[in-house]
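The values are calculated or read from the model by the stated rules, or taken from the named source; none is laboratory data. Here the structure is a predicted model, which is why all the values come from computation and not from measurement. FYI the Cβ positions are ideal-geometry reconstructions off the backbone, even for glycines, and counts take in every protein chain you see.
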Amino acid sequence: MKRLALALSLLASTAVAEGEHGLDVPQLGTLPKEDGLAAWDRVAAVVTHPRCLNCHVDEAGVPLWSEVGEEPRPHGMHIVAGESRMGIETLPCQTCHVTSDMPNTVPHAAPHSGMDWQLAPVEMQWTGKRPDEVCTILRNPETNGGRGGEALIEHILHDASERGFITWSFDPGPGRSAPPGSLQDHLDDTAAWVAAGMPCPTDPAEAVEDATDTGAVDPDADTETGADADSGEEG
Ligand code: HEC
Ligand code: HEC
């Protein structure tokens, strides 16, 4: 009896081994700008989906609700996340959204994930923005949590290993739609976008070429244009 219990607990622990993300890690080569823009279109379809947007809201800190086929609307029960983004000032999100990596099975219950439920930081606001604006927010370290391209990929892998918010969004349980594609597709598309130098649809043509030109550095080259690659995005 004891031995059986031990065997079972060993089985359980290998199934949820820590740090296991269960994804194929894509190789980061170098891709042409066109491929990067095509990959961005697919990333954009994910990051503008309500499952992601409902947490990536403005400084008012009101999470959104949206049922299939309905326009997003403010979270019921007057929930406000506050500056903490997790409701510490009023009613913590975790009062209802528990932290658990078990699947979500009950429609209309407060969804849960393996990470403590909370809104994304204000600078990562994506609601009310055009997809090309979200593109520049995502590649700018000042608005993406200080991340370069590779760290964006790491962020997805880390999320998968903790069954965090991105992983939940692709498997949100009954009564909620998921963004197009799978988590693996989203990882692959993000990697392709990064490998192409994170181009955005509104980039001037030359700036994108500079961003993708990560080859050998010629010490005699005139770097005047390179320094401007990111200008013109503000405002
Ligand atoms: C009093 C309980 C309660 C509290 C506190 C609460 N929520 Fe919720 N939340 C719910 C319930 C219940 C749902 C599901 C509603 C439904 O599907 O009809 C929900 C749904 C959501 C959704 C929608 C998920 C989706 O995309 O379908 C988000 C986002 C959300 N809550 C964020 C938060 C945040 C952030 C906080 C803390 C600031 C918070 N909630 C606090 C009960 C709560
Ligand atoms: C429950 C709320 C919630 C949901 C749902 C959610 N996020 Fe987030 N997101 C956060 C929080 C909190 C952070 C900040 C934590 C961090 O940076 O790791 C964040 C940060 C991010 C970042 C990091 C910003 C950057 O540029 O590095 C990305 C990318 C991201 N989310 C993508 C997504 C995508 C894609 C989805 C949907 C598939 C999604 N999020 C759904 C709460 C959420």
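Please work out if Thr190 is in contact (Cβ under 8 Å) with a residue 40 or more places away in the chain, of a type in the set (S, T, N, Q) and more than 16 Å from ligand 1 (Cβ to nearest atom).
yes
Of these, Asp58, Asp35, which one is outside any loop (DSSP other than H, G, I, E, B) and either modelled with pLDDT of 95 or more or touching a helix residue (DSSP H, G or I) at 6+ places or on another chain (Cβ under 7 Å) (or both)?
Asp35
Taking into account only those residues within the range 63-80 that are at negative phi and more than 13 Å from ligand 2 (Cβ to nearest atom), which is modelled with the lowest pLDDT?
Val68
Being within 12 Å of ligand 2 (Cβ to nearest atom), exposed (fewer than 15 other Cβ atoms within 10 Å of the Cβ) and not hydroxyl-bearing (Ser, Thr, Tyr) narrows it down to one of Glu123, Glu83, so name that one. Before you say what the answer is, go through the steps one by one.
Numbers: Glu83 fails: within 12 Å of ligand 2 (Cβ to nearest atom).
Exactly one residue qualifies, and that residue is Glu123.
Out of the residues in the range 58-80 that are more than 8 Å from ligand 1 (Cβ to nearest atom) and under 21 Å from Arg176 (Cβ atoms), which is surrounded by the fewest Cβ atoms within 10 Å (Cβ to Cβ)?
The extreme case among them is Gly69.
Any residue at all in the range 41-52 that is surrounded by fewer than 16 Cβ atoms within 10 Å (Cβ to Cβ) and either of a type outside the set (Ser, Thr, Tyr) or in a loop (DSSP other than H, G, I, E, B) (or both)?
Yes, some residue in the range 41-52 is surrounded by fewer than 16 Cβ atoms within 10 Å (Cβ to Cβ) and either of a type outside the set (Ser, Thr, Tyr) or in a loop (DSSP other than H, G, I, E, B) (or both).
If I filter the range 135-149 for residues that are aliphatic (A, V, I, L, M), within 16 Å of ligand 1 (Cβ to nearest atom) and within 17 Å of Val57 (Cα to Cα), do I get at least one hit? Before the answer, list the steps.
As a first pass, look at the range 135-149 and keep what is aliphatic (A, V, I, L, M): 137-138.
Right, trim to within 16 Å of ligand 1 (Cβ to nearest atom) and you get none.
The answer is no; no qualifying residue exists.
Being surrounded by 13 or more Cβ atoms within 10 Å (Cβ to Cβ), farther than 15 Å from His49 by Cβ and aliphatic (A, V, I, L, M) is true for just one of Leu138, Leu91. Which residue is that?
Leu91
Determine if the range 94-101 includes at least one residue that is at pLDDT below 95 and part of a loop (DSSP other than H, G, I, E, B).
Yes, the range 94-101 contains a residue that is at pLDDT below 95 and part of a loop (DSSP other than H, G, I, E, B).
Which of (1) small (Gly, Ala, Ser); (2) more than 12 Å from ligand 2 (Cβ to nearest atom); (3) out of contact with any Asp or Glu (no Cβ under 8 Å at 6 or more places or on another chain); (4) within 29 Å of Pro199 (Cβ to Cβ) does Gly128 not meet, given it meets every other one?
All conditions pass for Gly128, except number (3).
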